[in-house]
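Trainee: Below is the structure I would like to discuss, written out as structure tokens.
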Amino acid sequence: MVRRDPDEVDLLVVGGGKAGKSLAMDRAAAGWSVAMVERDKIGGTCINVACIPTKSLVGSARTLTDARHADLMGIELGGEPRVVLAALRRHKESVVGGMVQAHRQLFADSGMDFILGTARFVGPRTVEVAAEDGSTRRIRGRDVVINTGTTPALPPLPGIEDTEIWTSESILRLERLPERLLILGGGYIGCEFASMFALFGSRVTLVQGPDQLLPQEDPDIAAEITEILTRQGVEVRTAARATSVRRESDHGSVLLTLVDGSVLDGDELLVATGRVPVTTELELDATGVTVTDRGFVSVDDHLRTTAEHVWAAGDVAGGPQFTHASWNDFRILRANLTGQDVSTEGRLIPYTVFITPELARVGLTETQARAAGRNFRVAKIGVAAIPRAKTLHDKTGTWKAVVDADTDEILGASLLGHDAGEVIGTVQLAMIGRLPYQTIRDAALSHPTMSEGLNLLFDTLGSEPHRP
């Protein structure tokens, strides 16, 4: 039975991603009446089927690699290190399960009304919720935040609807470790899984339509990543558009046909061709919210939608699809809902691609700076020049930075190498503060650390002081 009179709350959050859950807990703790509806993933996509489980598995893959090369560090192990699938699954599920349980407690402690169920809009700022327990209710918010995220996209590839394939979410069930894994899509997700499964021992073939992996990156960085993956045992096929896919039988090989007529044969196919917004079943028209041609919620730089007092945040709002961007959306929403005036304009969002070794990026690439007509200089070093990399026997990679030739400000950096994701934040902070590159070049950074490599990187531009 549906209660027709809606429950009135100060804040209604539809979707419990990073921005939504953080805002709901924060406002509930501040004394607001808050209701949050989450369809199925307590804690959001990141914790359940994205960042946390994948990085747990990346950690396992790197541990396996370290064990295989322990002799380089003077350690002798008994026997050949190998993957124990059941134990690998337990490790991943333990990490995820612990965080999900922690979120259950956090939600309860905050005082919010947390509902597991599916919401659809039935009027201005009003949703009808079909709850997991079978009940149905309506809720209206003084303010509403849409934070439903994205889901794996399937390309319009003949045969894909009739073929059992893996997505970046279903592969995490770890039902088996395929001997031969085909991966369609050479973006961030595809490259991460290619590196991980190759280190686990699968024979991986990575198929990419464009002529380079990671099209957003500079060609030299993408080429080096291709070399790294190849050394790990990945067969990389670029400029290779797929035309059809089929499975020989219910449990037979997957056959992926390419535009040149060649056929790739694998035990499983992972489709990693992007993600699409979760908006089609929300019935957003009922609340006056419009979406883009790709289905993302249309927002301005304050995260306001086209409907009064309805906001959107995270992946579904069409911004950078990273959890830390969603966290920043939370801070913007909290400010704007409490009388401040904060926007996304000019914010700087770094990211890390967790291949082994990892790629970390912030700001402009050399290619982007050139396309923008900037007057710039490029600093570049091999990771092998960094003392800490030598001590770790992990000298693979390249660091490069783009610097404004007129102001000495850092325009961007691409760091490929060990622990790059732990270093990129230093560059980001310098960029936010609009510091000249000489500030990092001349800083007494701790030795021996990977961060010390920033001294070496910017020293390649010369020893002259900054002249304002």
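Any read-out appearing in this document is the output of simple, stated calculations on the displayed coordinates, not a laboratory observation. What you see is a predicted model; the values in this text were computed from it and never measured. We place every Cβ from the backbone using ideal geometry, glycine too, and count neighbours over all the protein chains shown.
Trainee: Can you work out the base-10 log of I(q)/I(0) for segment 357-460 at q = 0.19, 0.22 1/Å, using the Debye formula on its C-alpha atoms alone?
Mentor: -0.86, -1.14
Trainee: Related question: In what order do ASP7, ASP218 fall by count of nearby beta-carbon atoms within 10 Å, going from fewest to most?
Mentor: Numbers: ASP7 16, ASP218 23.
Sorted ascending by nearby Cβ count, the order is ASP7, ASP218.
Trainee: Kindly point out, ordered by number, any Cys in the chain whose beta-carbon has no other cysteine beta-carbon under 4.7 Å away.
Mentor: CYS191
Trainee: Note down, for segment 153-273, the three equivalent ellipsoid semi-axes (square root of 5 times each alpha carbon gyration tensor eigenvalue), biggest first, whole angstrom. Walk me through the numbers before you get to the answer.
Mentor: Numbers: eigenvalues 93, 55, 31 Å².
Listed largest to smallest, the semi-axes of segment 153-273 are 22, 17, 12 Å.
Trainee: Please give me the summed charge of the neighbours of GLU409: other residues whose Cβ is under 14 Å from its Cβ, Lys and Arg +1, Asp and Glu -1. If you can, show how the numbers build up before the last one.
Mentor: Numbers: positive: ARG374, ARG377, ARG434, ARG441, ARG467; negative: ASP404, ASP406, ASP408.
With Lys, Arg at +1 and Asp, Glu at -1, the net is +2.
Trainee: Treat the count of other C-beta atoms within 10 Å as a stand-in for reagent exposure and order ARG180, ARG388 from fewest to most.
Mentor: On the way: ARG180 15, ARG388 18.
Taking fewest neighbouring Cβ atoms as first place, the list is ARG180, ARG388.
Trainee: Taking R0 as 56 Å, what FRET efficiency do you get between GLU422 and THR136 from their Cβ-Cβ distance, rounded to the nearest 0.05?
Mentor: Using R0 = 56 Å, I get an efficiency of 0.75.
Trainee: Calculate the length of the line joining the C-alpha centroid of segment 352-367 to that of segment 51-121, in whole Å.
Mentor: Each part's Cα centre sits 23 Å from the other's.
Trainee: Cut-off 17 Å, label point 7 angstrom out along Cα-to-Cβ of ALA67: give me the residues of segment 198-239 whose amide nitrogen falls inside.
Mentor: Within reach of a label on ALA67, which here means backbone N under 17 Å from a point 7 Å along Cα→Cβ, segment 198-239 contributes 198-202.
Trainee: Using the number of other C-beta atoms within 10 angstrom as an exposure proxy, rank MET25, MET431, MET36 with the fewest first.
Mentor: Ascending number of Cβ neighbours within 10 Å: MET431, MET25, MET36.
Trainee: Could you work out the helix-only [θ] at 222 nm for the chain, with each DSSP H run of four or more residues adding -39,500 (n - 2.57) and the total divided by the number of residues, to the nearest 500 deg cm²/dmol?
Mentor: When only DSSP H runs of four or more count, the value is -9000 deg cm²/dmol.
Trainee: Further question: Find the relative contact order for segment 153-273 and round it to a whole percent, using C-alpha pairs within less than 8 Å whose residues are 6+ positions apart.
Mentor: 36
Trainee: Can I ask one more? In segment 257-367, if every C-alpha pair distance is counted and binned at 10 Å from zero, what percent goes to each bin?
Mentor: Calculated over all Cα pairs of segment 257-367, the distribution is 11, 32, 28, 19, 8, 2, 0 percent.
Trainee: A further question on this structure: What whole-number value in cubic angstrom gives the convex hull volume per residue for the C-alpha atoms of segment 65-213?
Mentor: Residue-normalised Cα hull volume stands at 235 Å³.
Trainee: Would you work out the relative contact order for segment 115-185, in percent, from Cα pairs under 8 angstrom that are 6 or more residues apart?
Mentor: Numbers: 48 pairs, mean separation 11.5, N = 71.
Reported as a whole number, the value is 16 percent.
Trainee: Continuing with the same structure: At q = 0.12, 0.18, 0.22 Å⁻¹, what log₁₀ I(q)/I(0) does segment 1-92 have when each alpha carbon counts as one equal point scatterer in the Debye sum?
Mentor: Taken in order of the listed q values, log10 I(q)/I(0) reads -0.61, -0.88, -1.07.
Trainee: If you wrap a convex hull around the Cα atoms of the chain, how much volume per residue is inside, in Å³?
Mentor: So the per-residue hull volume is 175 Å³.
Trainee: Restricting to bridges with both residues inside the chain, how much of the DSSP beta-bridge set is antiparallel, in percent to the nearest 5?
Mentor: Of all bridge pairs located within the chain, approximately 60 percent are antiparallel.
Trainee: Once both labels are modelled 7 Å past Cα along the beta-carbon direction, what's the ALA384-SER343 spacing in nm?
Mentor: 4.8
Trainee: Rg over Rh of segment 114-166, using C-alpha atoms and the Kirkwood radius, what does it come to?
Mentor: 1.18
Trainee: Let me ask something else. In nm², what is the average projected area of the convex hull enclosing the Cα atoms of segment 68-152? Don't jump to the answer; show the numbers that get you there.
Mentor: Values: hull surface 43.0 nm².
Value for segment 68-152: 10.8 nm².
Trainee: Å³ per residue of the Cα convex hull, for segment 147-200?
Mentor: Residue-normalised Cα hull volume stands at 120 Å³.
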